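The values are calculated or read from the model by the stated rules, or taken from the named source; none is laboratory data. Predicted, not measured: the structure shown is a model, and the values here were computed from it. Cβ placement follows ideal geometry from the backbone for every residue including glycine, while neighbour counts extend to all protein chains displayed. Remember, those area values only see protein heavy atoms, side chains included, never the ligands or the DNA or RNA. Shrake-Rupley method; radii C 1.70, N 1.55, O 1.52, S 1.80 Å.
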2 protein chains.
Amino acid sequence: MATGKAQRNTRQRQVVLEELKKLTSHPTAADLYEIARARMPKISLGTVYRNLELLAENGVIQKLEIGGSEARFDGNPERHYHVRCARCERVDDVHDLPGGFVKRPVKHLSGYEILGLRLEFIGICPECRKRSEPGSDEVAPHERDHTR
Amino acid sequence: MATGKAQRNTRQRQVVLEELKKLTSHPTAADLYEIARARMPKISLGTVYRNLELLAENGVIQKLEIGGSEARFDGNPERHYHVRCARCERVDDVHDLPGGFVKRPVKHLSGYEILGLRLEFIGICPECRKRSEPGSDEVAPHERDHTR
DNA sequence: GTGTATGCAAAGCCTTTGCAGCATG
DNA sequence: CATGCTGCAAAGGCTTTGCATACAC
């Protein structure tokens, strides 16, 4: 297997990684850019993107391409699943998934050799549930059906 | 529940829907634009986007926001899962998923009220498997780990 | 010193939107 | 004949990239 080319441990890369590891909020690249700027005012958004991509490729962090337009990043590289709030777009880790929720592993499906799967839950977060007035049964259009 | 406003059955909408229903290839909006143009040279990309969005909201088709940059559309509105090829980005339906692969339903997770889930598989399609020379154990960077 | 990484800014890609005219119901 | 829909084109949002310079090793 080919050895990748030498990567340098720049201050920018350290800052991005450190700040991401502090958070459990699954920030976007723009979020991390703002946070990193507090410590390093001249860091550029492009650098943040480049480093997040690189760290994800190295398996040090995870890039979550979850529903919604922006990618989010997770400082925890361990396998775990996520829930996204259909109202506020908040993303949380799922810690209480019933054991064996998914039967793993599946080796073949529809002629494909299966490498992995992506699973995410959609729901309403505690905050947003509190916020909805009792008695109101209005449903935002985008909440209509997430089960398919 | 509020009644939506009257929607018209335009020729553009018919063409987009008909062409999508003919396909099992999960085309992108741009794909459908090209296909629709064969029948209706003046149709615009904006119109294709607007109609796909509307048809998906009506539950007539599905919008798949699967890994990768572009949204894909599925003329089959029934619930089913998809496999994406990590090499060629092809997307297929999964017809042979073991029964009870996912335990449903889950009502609550991490304080969220769960509305649904998104599940997709990543693998190597039959074509791409055939294409890889036997004996080669090179692995494309993006295939590294899709299991987390 | 060599070559990777950065900052800056421009470009790229997919998608959405404003608007005036058209065509459906 | 009212108004939802269209084509066109421009704008928007997120991400990537070209380039000259800086800095890690």
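Cα convex hull of the protein assembly as shown: how many Å³ per residue?
Convex hull volume per residue, Cα atoms: 181 Å³.
How many angstrom lie between the Cα centre of the range B:87-124 and the Cα centre of the range A:52-108?
Measuring centre to centre over Cα atoms gives 13 Å.
May I ask for the angle, rounded to the nearest 10°, between helix B:45-57 and the longest principal axis of chain B, with both axes built from Cα atoms and the value confined to 0 to 90°?
80 degrees
Could you work out what % of the accessible surface of the range B:1-110 is carbon and sulfur, using a 1.4 angstrom probe and leaving DNA, RNA and ligands out of the count?
That fraction is 50 percent.
Please list the non-local residues whose amide H lies under 5 Å from the amide H of residue A:64, H modeled 1.01 Å from N, same-chain partners needing a gap of 5 or more.
Answer set, sorted by chain and number: A:72, A:73, A:74.
Restrict the search to the range A:25-105; then list the trypsin sites (Lys or Arg not before Pro) that DSSP places in a loop and that have at most 11 other Cβ atoms within 10 Å of their Cβ.
Taking the range A:25-105 and a limit of 11 other Cβ atoms within 10 Å, the loop trypsin sites (Lys or Arg not before Pro) found are A:42, A:79.
So who's got an amide H within less than 5 Å of the one on residue A:115, skipping anything under 5 residues away but keeping other chains? H placed 1.01 Å off N, in plane.
Those qualifying (amide H under 5 Å, at least 5 residues apart or on another chain) are B:122, B:123, B:124.
How large is Rg over Rh for chain A, taking Rg from the Cα atoms and Rh as the Kirkwood inverse mean of 1/r across Cα pairs?
Rg/Rh: 1.03.
Percent antiparallel among DSSP beta bridges with both residues in the range A:11-144, to the nearest 5?
Taking every DSSP beta bridge with both residues in the range A:11-144, the antiparallel ones total about 70 percent.
Can you flag which of A:21/A:42; A:22/A:42; B:22/B:130; A:63/B:103; A:63/B:42; B:22/B:107 are past 32 Å Cα-Cα?
Table pairs above 32 Å Cα-Cα are A:63/B:42; B:22/B:107.
With all protein chains present and a 1.4 Å probe, how do A:92, B:96 order by accessible area, largest first?
Largest to smallest exposure gives the sequence B:96, A:92.
For the range B:1-62, what is the accessible area per residue in Å², given a 1.4 Å probe and the full set of protein chains?
With the other protein chains kept in place, the range B:1-62 gives 65 Å² per residue.
Accessible surface of residue B:19 in the full protein assembly, 1.4 angstrom probe, to the nearest 10 Å²?
Roughly 20 Å² of residue B:19 is accessible to a 1.4 Å probe.
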